[in-house]
Amino acid sequence: MQFVKVTFPVSGQDVCDMLTALLADMGYDGFEETEGRLLAYIESSKFSEDALKSVAEQTSVNYETEIIAPQNWNALWESNFPPVIVEDFCTIRAHFHDIEITTPYEIQITPKMSFGTGHHATTQLMMLMMREIEFAGKSVLDFGTGTGVLAILAEKLGADNILAIDNDAWCIENAIENAGRNDCKRIMVKGGSLEDFETGQTDIILANINRHILLQYMGLLYAKLSNGGMILLSGLLAEDKDIIVDAACSAGFVLKGIRDQMNWIALKFGKA
């Protein structure tokens, strides 16, 4: 399986955030921010030059494309993947990082072509909101699990059973590997989309995806959340707030909290 790497020269965080959101809606599922550049990755079969040109024109940026083999991904991340410390709460590191852990929780992540290394603001926002919720003995659905990082944290926080789903085979493989690397016993990783699972209702839903997918599945997410349950949503820019809040409240959710970082937001809703 081949992937396309697209390199954008970017001059500010706002442009970088806008590009990431637009590209995520198009199926790009790996991003790397370096000084003055955004690197975005997409499976070759999903790549569209016309769609990419439209985004470039919309954001007034240039780009370069390169075909890469998936086995190059680990080498890329080993040279560009520093540990992440999410406040005084959780450390995310790769297996090759030898650092002193000073937070109560530690997660080892070896990324492949999967989103969720802890570097992106939305992952950190989700983790900080998870800190505010009681997970002990709860059931959890991680919708769009990526590397499995949020599902792994849910187990470490005491969740009784976790279903982690993704429609990308590469993510499924990566999430299973990462769950094993963290000695997780209560995570079930499955391939497919939300409508493919007749699992009844769950106590907590984690959905760090993007605005388009969240709007598409808002009603089904409401149906799958138990009464009194909590849902955390991210993958959202600050300007997405009103449309997501309106859609969630129309579905029946009640807004309980919001966090923001670098023009990205995470939202917490309850179900009465």
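The values are calculated or read from the model by the stated rules, or taken from the named source; none is laboratory data. Please read these numbers as outputs of a predicted model, since none were measured by experiment. We place every Cβ from the backbone using ideal geometry, glycine too, and count neighbours over all the protein chains shown. Please note that ligands, DNA and RNA were not included when accessible areas were found on the heavy atoms of the full protein model with its side chains. Shrake-Rupley method; radii C 1.70, N 1.55, O 1.52, S 1.80 Å.
Inside the range 163-196, can you point out the residues that are in contact with a helix residue (DSSP H, G or I) (Cβ under 6 Å, 6 or more places away or on another chain) and either modelled with pLDDT under 95 or closer than 23 Å to Q216 by Cβ (or both)?
A164, D166, V189, G191, L194
Being among the hydrophobic types (A, V, I, L, M, F, W, C) and part of a helix (DSSP H, G or I) is the filter here, so list the residues in the range 216-262 that pass it. Full working, then the answer.
Residues of the range 216-262 that are among the hydrophobic types (A, V, I, L, M, F, W, C), as a first pass: 218, 220-221, 223, 225, 230-233, 236-238, 243-245, 247-249, 251, 253-255, 258, 262.
M218, L220, L221, A223, A238, I243, I244, V245, A247, A248, C249, A251 - these are the residues of the range 216-262 that are among the hydrophobic types (A, V, I, L, M, F, W, C) and part of a helix (DSSP H, G or I).
State whether one or more residues within the range 131-144 are under 23 Å from G257 (Cα atoms), β-branched (V, I, T) and out of contact with any Phe, Trp or Tyr (no Cβ under 9 Å at 6 or more places or on another chain).
yes
If a residue must be surrounded by 20 or more Cβ atoms within 10 Å (Cβ to Cβ), of a type outside the set (A, V, I, L, M) and under 20 Å from L236 (Cα atoms), how many such residues does the range 1-31 contain?
6
Out of E35, E43, which single residue is farther than 16 Å from H119 by Cα and either among the charged types (D, E, K, R) or touching a residue at least 60 places away in the same chain (Cβ under 8 Å) (or both)? It would help to see each step written out before you state the result.
Values: E35 fails: farther than 16 Å from H119 by Cα.
Unique residue meeting the criteria: E43.
Quickly run through the range 1-34 and pick out the residues that are in contact with a Leu (Cβ under 7 Å, 6 or more places away or on another chain) and of a type in the set (D, E, K, R).
Matches in the range 1-34: K5, D17, E32.
Would the range 218-239 turn up any residue that is open to solvent by 60 Å² or more (accessible area, probe 1.4 Å), under 22 Å from A24 (Cβ atoms) and modelled with pLDDT under 95?
Yes, the range 218-239 contains a residue that is open to solvent by 60 Å² or more (accessible area, probe 1.4 Å), under 22 Å from A24 (Cβ atoms) and modelled with pLDDT under 95.
Could you check I213 against (1) touching a helix residue (DSSP H, G or I) at 6+ places or on another chain (Cβ under 7 Å); (2) open to solvent by 20 Å² or more (accessible area, probe 1.4 Å); (3) in a helix (DSSP H, G or I); (4) of a type in the set (V, I, T) and say which number it fails?
(1)
Could you look through the range 32-43, keep only residues that are open to solvent by 30 Å² or more (accessible area, probe 1.4 Å) and touching a strand residue (DSSP E or B) at 6+ places or on another chain (Cβ under 9 Å), and pick out the one that is nearest to S11 (Cα to Cα)?
G36
Can you find, within the range 242-272, the residue that is nearest to T123 (Cα to Cα) among those that are basic (K, R) and touching a residue at least 40 places away in the same chain (Cβ under 8 Å)? Please lay out each step first, then the result.
First, the residues of the range 242-272 that are basic (K, R): 256, 259, 268, 271.
Filter once more, so that each one left must be touching a residue at least 40 places away in the same chain (Cβ under 8 Å): 259, 268, 271.
Details: R259: 12, K268: 14, K271: 23 Å.
The qualifying residue nearest to T123 (Cα to Cα) is R259.
Can you pull out the residues in the range 44-63 that are open to solvent by 40 Å² or more (accessible area, probe 1.4 Å) and in contact with a Pro (Cβ under 9 Å, 6 or more places away or on another chain)?
Across the range 44-63, the qualifying residues are N62, Y63.
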